[in-house]
Structure formats: C-alpha cells, structure tokens
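Take a look at the structure below.
The values are calculated or read from the model by the stated rules, or taken from the named source; none is laboratory data. Just so it is clear, the structure is predicted and the values come from calculations on it, not from any experiment. Every residue, glycine among them, receives a Cβ derived from its backbone with ideal geometry; neighbour counts consider all protein chains shown. In case anyone asks, the SASA skips ligands and DNA or RNA and just uses the protein heavy atoms, side chains included. Shrake-Rupley method; radii C 1.70, N 1.55, O 1.52, S 1.80 Å.
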Amino acid sequence: MERDFARAAALAQPMAAKWYDPVERAMMEFAIVSPLRAAMFIATIGHESAGFVHTREIWGPTSAQLRYEGRKDLGNTQPGDGFRFRGRGLIQVTGRANYQALSDGLGMVYVSNPEWLERPVDAARGSGWWWFNNGCNEIADTGDFLRLSIRVNGKNANGLPNGWVDRQRRFEAARVVFGQ
C-alpha cells in the first residue's frame with residue numbers, strides 16, 4: 001500500500017505518490033516480495049537516491065568520479081564513458097558494461113539513451129533488475145544488511161559501505177513498517 005511505502009521510505013505523500021507504483025511494480029517483477037527483501041530494497045534505493053530525489057549521480061566531478069573514466073571493470077573503454085555512464089536509476093547503476101547488461105536484460109537501449117534511467121519507471125525497474133541479477137534477494141534472505149550494502153556500493157577503508165549510518169537508519173525504519 002502506498003501509505004506503508006511512504007512510511008517505510010520516510011516520504012511525504014506527494015513523493016510517495018510519484019514513486020509507489022514504479023517501485024511496487026519493480027518489486028513484483030523481480031521477486032522482492034518478502035518483508036525482509038522489501039525493507040532492504042527500499043532502504044537501499046532510498047539511500048542511493050538521497051530519499052528518492054536523485055536518479056542521476058550528482059557530478060562534481062569528484063576524484064572518485066574522475067576515476068570512472070577508463071575503468072575496464074565498468075566497461076568504460078571509450079573517452080567520456082565515465083561521465084556518460086555515471087550512476088543512474090534509484091540504485092545508481094554505473095558504467096557502460098552495467099548499462100549494456102541492463103539494456104540486454106530489459107530489452108531497452110540505455111547505452112544509447114542513458115538519461116532514460118532517470119525516469120521513474122526505468123529508474124525503479126532498472127534498479128530492481130540490477131538487484132535481482134546481482135544476487136541481492138539471496139543476500140537479503142540471510143538478513144545481512146551490511147553484506148547487502150557492500151554488494152551494492154562496495155566498502156570504504158573502514159570496511160563499511162559509504163553512508164552506512166544513513167543506510168542503517170533507513171533499514172530500521174522500513175523494518176518497523178514491514179514487521180521485521
């Protein structure tokens with residue numbers, strides 16, 4: 001229900017109304033259906049999008065963003081790929097290779113039209129696809145939110161994902177709503 005989604009994601013009604021349907025459909029399509037999976041998914045995409053506000057990575061460019069350029073592990077092999085394939089969607093899919101996999105998986109042409117991942121339906125569906133295809137449902141089923149957060153965003157020098165305190169806060173809020 002939209003009201004539960006709003007509470008779980010800590011969203012005001014207008015923002016919840018914008019995101020509820022796309023997120024709900026993505027969750028159904030990609031089997032993010034248990035209360036624990038739902039709590040972890042909503043907490044994760046809430047953090048990654050700064051509260052469902054950003055579907056495109058804010059570009060400084062920071063030193064970390066400059067390192068996207070030429071990263072073969074992201075498939076960024078052509079000049080400008082780092083910027084062109086910066087994080088998009090609610091989960092911030094990053095890199096030419098991930099955009100290509102997403103394009104292939106969803107039958108869309110995100111490599112040619114990366115900005116499409118900024119649209120609510122594509123942002124939610126693309127994030128659900130990435131989540132599903134990167135084993136996040138299985139990790140969520142273990143209850144290990146730290147491991148799941150590292151899977152999505154990697155870890156810093158302290159062994160924690162960026163924004164760990166915010167991620168935990170969002171997860172606890174969603175857990176309460178979903179009875180976890």
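General observations
- Counting residues in segment 95-116 that are under 12 Å from the mean Cα position of the chain (by Cα) and open to solvent by less than 30 Å² (accessible area, probe 1.4 Å) gives zero.
- Of the numbered criteria (1) at pLDDT 95 or above; (2) open to solvent by 40 Å² or more (accessible area, probe 1.4 Å); (3) more than 13 Å from the chain's Cα centre (by Cα), the one residue 36 fails is (2).
- Every residue from segment 153-171 that is among the charged types (D, E, K, R) and without any contact (Cβ under 8 Å) to a residue 12 or more places away in the chain: 155, 169
- Check on residue 77, more than 16 Å from the chain's Cα centre (by Cα), among the polar types (S, T, N, Q), exposed (fewer than 15 other Cβ atoms within 10 Å of the Cβ) and at pLDDT below 95: no
- Candidate set from segment 1-37 (those that are in a loop (DSSP other than H, G, I, E, B), touching a residue at least 24 places away in the same chain (Cβ under 8 Å) and small (Gly, Ala, Ser)); member that is farthest from residue 125 (Cα to Cα): 10
- Of all residues in segment 157-172 being part of a loop (DSSP other than H, G, I, E, B) and among the hydrophobic types (A, V, I, L, M, F, W, C), the one that is most open to solvent (accessible area, probe 1.4 Å): 157
- Selection count, segment 106-150, where residues are in contact (Cβ under 8 Å) with a residue 24 or more places away in the chain and in contact with a Pro (Cβ under 6 Å, 6 or more places away or on another chain): 4
- Number of residues in segment 120-153 that are open to solvent by 20 Å² or more (accessible area, probe 1.4 Å), at pLDDT 95 or above and within 14 Å of the chain's Cα centre (by Cα): the value is 12.
- Restricted to helices (runs of 4 or more DSSP H) entirely inside segment 38-135, no element has at least 2 residues that are among the acidic types (Asp, Glu) and under 23 Å from residue 175 (Cβ atoms).
- Checking each residue in segment 136-156 for being part of a helix (DSSP H, G or I) and among the charged types (D, E, K, R) picks out 138, 141, 147, 151.
- Within segment 115-155, tally of residues that are charged (D, E, K, R) and within 12 Å of residue 29 (Cβ to Cβ): 1
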